[in-house]
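Rule-based calculations on the coordinates, nothing more; no lab input. No experiment lies behind these values; they were computed from the predicted model shown. FYI the Cβ positions are ideal-geometry reconstructions off the backbone, even for glycines, and counts take in every protein chain you see.
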Amino acid sequence: MQMTPLLAAGYYYGGGYRYGFYGMDWTYLLVLAGFVLCLIAQGLVSSAFNKYSRVSAMSGRTGAETAEELLRSQGIFDVDVQRVDGNLTDHYDPKNKVLRLSASVYGSSSVAAVSVAAHECGHAVQHHLGYAPLSIRTAIVPVVNIAQTISWPLILIGFLINSRMSTLLLEIGVLMFAAVVLFQLITLPVEFDASRRGRRMLEETHILYENEIAGTKAVLRAAALTYVAGALSSILQLIRIILLTGGRRRD
Ligand SMILES: [Zn+2]
């Protein structure tokens, strides 16, 4: 959720601008709104995860055991389940066919742990079945990484220098940032679908009881919200940059 470079950037072209209001750049409020949205979403996911981390699933299976069983239930035998450092760092790595679970998921048999493990299995199933949005997402990751790295420096330099080059730099920078936003939008259906698949697998294999599934829904819904907030915040940043660069071009 690339907040930091943006907050820094705000200081550069904030003051004394044509959008200035008593020396303040009001478009900066768009960034703050996005930032607050992300904070709220993060808070919700943490609280849902913490709540259901304290609820032990009746099956007694850990996140890792759940993942192994769910993958087998879908006829997937070539995906490794491994432990990874960090908090909420769980992910499926399609390149190496590895499902990595954080310590609080891997060895825990809480409803939260089992739910997160099931969600990651949902990604493995997407990969196994060639689910198109995941394929597109995986294919554009390298391009998006480059775009994400250079979009802000280009926009900053475009604002700072005063030559014919600056418009070109700004336009390329904005296009690159738009590509990052597009990537975040493609991520949404991939995440929603993985949660749906994960929940269905837990129901079908009876690893969780029906009353425990309510916890799964709460945890995965909160997790999905962080992706929605991230995408919204990026859209707000993009709108702001377009407003600012539009003003720059008319100067
Ligand atoms: Zn996911």
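Amide H to amide H, which residues 5 or more places from A57 or on other chains are under 5 Å from it, using H placed in the peptide plane?
Hits under the 5 Å cutoff: S110, V111.
Sort D80, D93 so that the residue with the fewest other Cβ atoms within 10 Å of its own Cβ comes first and the one with the most comes last. Don't jump to the answer; show the numbers that get you there.
Values: D80 13, D93 17.
Listed from fewest to most nearby Cβ atoms, that is D80, D93.
In what order do K51, K95, K217 fall by count of nearby beta-carbon atoms within 10 Å, going from fewest to most? Walk me through the numbers on the way to the answer.
Working: K51 16, K95 8, K217 13.
Ascending Cβ contact count within 10 Å gives the list K95, K217, K51.
In debye, nearest 20, what is the charge dipole magnitude of the stretch 98-251 about its Cα centre with +1 on Lys and Arg Cβ and -1 on Asp and Glu Cβ, if you could check? Present the calculation step by step, with values, prior to reporting the outcome.
Values: 13 positive and 9 negative charges, 111 e Å.
For the stretch 98-251, the charge dipole is close to 540 debye.
For the stretch 106-249, what does the equivalent ellipsoid look like in terms of its semi-axes, each the square root of 5 times an eigenvalue of the Cα gyration tensor, given largest first in whole Å?
Numbers: eigenvalues 329, 45, 23 Å².
Semi-axes, largest first: 41, 15, 11 Å.
Tell me which of S47, I150, I161 sits at the most positive position along the dipole axis of the chain, charges placed on C-beta atoms (Lys, Arg +1; Asp, Glu -1).
I161
Provide Rg and Dmax in Å for the chain, with only Cα atoms included in the calculation.
So, for the chain, Rg and Dmax equal 21.2, 67 Å respectively.
Counting other beta carbons within 10 Å of each residue's own, what order do E203, E120 fall into, fewest first? Mind showing how you got there, number by number?
Working: E203 15, E120 26.
Least to most surrounded, the residues fall as E203, E120.
Translational diffusion coefficient, Stokes-Einstein: compute it for the stretch 159-211 using the Kirkwood radius over C-alpha pairs as Rh, at 4 °C and 1.567 mPa s, and state it as an integer in µm² s⁻¹.
Details: Rh = 14.7 Å.
For the chosen part, D equals 88 µm²/s.
Using θ = phi - 60° and the Karplus curve 6.51 cos²θ - 1.76 cosθ + 1.60, what whole-Hz ³J(HN,Hα) does each residue of the stretch 219-236 get, with Gly and Pro shown as x?
In residue order, the calculated couplings are 5, 6, 5, 4, 5, 5, 4, 5, 5, 5, 4, x, 5, 4, 4, 5, 4, 4 Hz.
Calculate, for V55 and N162, the FRET efficiency according to 1/(1 + (r/R0)^6) with r their C-beta to C-beta distance and R0 51 Å; round to the nearest 0.05. Mind dumping the intermediate values first?
Values: r = 60 Å, r/R0 = 1.18.
For R0 = 51 Å, the calculated efficiency reads 0.25.
Largest first and in whole Å, give the semi-axes of the stretch 40-174's equivalent ellipsoid, each being the square root of 5 times a Cα gyration tensor eigenvalue.
Details: eigenvalues 309, 78, 22 Å².
Computed over the stretch 40-174, the values are 39, 20, 11 Å.
For the pair Y209/I136, report the inter-label distance in nm, with labels modelled 7 Å from Cα in the Cβ direction.
4.2
As a test of the formula, what do you get for the chain when each DSSP H run with n ≥ 4 contributes -39,500 (n - 2.57) and the sum is divided by the residue count, at 222 nm and rounded to the nearest 500 deg cm²/dmol?
Values: 8 runs with 180 residues, N = 251.
For the chain, the value works out to -25000 deg cm²/dmol.
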